[in-house]
Amino acid sequence: MEIRRATTVAELEAAQHLYDGPARTEWAARFLAADGHLMVIAYVAGVPAGFVSGIEMLHPDKGAEMCLYELAVDAPYRRRGIGRALTRAPAAVAEDRGCYDMWVGVDLDNEAAQATYRSAGAAEDGRFAMLTWGFGAAQ
């Protein structure tokens with residue numbers, strides 16, 4: 001397994017089978033150009049087997065923190081430590097960049113995700129509700 005940060009649109013597009021939908025070239029380019037955005041891809045035999053994305057956020061009174069935005073590992077590669085290794089990648093970037101923490105929202109019934117995050121060093125920080133504003137279909 002090889003884990004590396006994505007730096008090109010081609011890398012993001014090659015991993016699109018791991019996303020919820022197809023990658024769009026213009027969005028991939030915008031993602032890579034945005035300061036604080038991070039995508040790390042795990043490769044097995046040269047094929048994208050999983051990814052993690054993160055977003056560094058900055059606030060005037062708190063400083064910087066990393067949000068682990070999304071993690072996915074292709075079904076044939078699960079339970080091999082890829083998710084744990086991917087989770088540790090944005091944590092290392094966050095620490096290097098001086099973030100005070102990294103956090104992730106996870107569904108309470110998603111036991112596999114919780115186990116993965118805990119195995120990578122995360123601890124529960126209480127229960128919360130996520131409320132969402134919808135603004136129509138993706139552009």
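The values are calculated or read from the model by the stated rules, or taken from the named source; none is laboratory data. None of the values given here were measured: they were computed from a predicted structure. We place every Cβ from the backbone using ideal geometry, glycine too, and count neighbours over all the protein chains shown. Surface areas here come from the heavy atoms of the whole protein model, side chains and all, with no ligands, DNA or RNA. Shrake-Rupley method; radii C 1.70, N 1.55, O 1.52, S 1.80 Å.
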MET57-THR8 FRET efficiency (beta carbon distance; Förster radius 25 Å; 0.05 resolution): 0.55
Environment charge at ALA23 (Cβ cut-off 15 Å; Lys +1, Arg +1, Asp -1, Glu -1): -3
Sites matching GluC sites (Glu not before Pro) across segment 50-139 that sit in DSSP coil, with at most 16 neighbouring C-beta atoms within 10 Å: GLU124
Sparse-neighbourhood loop sites, chymotrypsin sites (Phe, Trp or Tyr not before Pro) in segment 48-125 - DSSP loop, at most 11 other Cβ within 10 angstrom: TYR100
Apportionment of accessible area to carbon and sulfur, segment 1-77, percent (1.4 Å): 55 percent
Of the DSSP H helices in the chain, those whose Cα atoms cover at least 15 Å axially and whose Kyte score averages -0.5 or more: 82-96
Estimated D of segment 55-134 in µm² per second, where Rh is the Kirkwood radius over Cα pairs and Stokes-Einstein applies at 37 °C, 0.692 mPa s: 237 µm²/s
Whole-angstrom gap from segment 12-61 to segment 81-97, using each part's C-alpha centre: 14 Å
Cut-off 15 Å between beta-carbons: net charge of the residues surrounding VAL106, Lys and Arg +1, Asp and Glu -1: -3
Debye, to nearest 20: dipole size of the chain, +1 on Lys, Arg Cβ, -1 on Asp, Glu Cβ: 360 debye
Listed residues VAL93, THR116, THR132: farthest to the positive end of the dipole of segment 82-137 (Cβ charges): VAL93
Label point distance in nm, ARG118-TYR69, each placed 7 Å from Cα along Cα→Cβ: 2.8 nm
Neighbour net charge for GLU95 - beta-carbon separation under 12 angstrom, K R +1, D E -1: -2
Surface per residue (accessible, 1.4 Å probe) for segment 5-139, Å²: 65 Å²
Mean Cα-pair separation over length for segment 1-107, i.e. relative contact order, pairs under 8 Å, 6 or more apart, %: 23 percent
For the chain, built as a Gaussian network whose Cα springs stay under 10 Å, the top-fluctuating residue of THR25, THR87, THR116: THR25
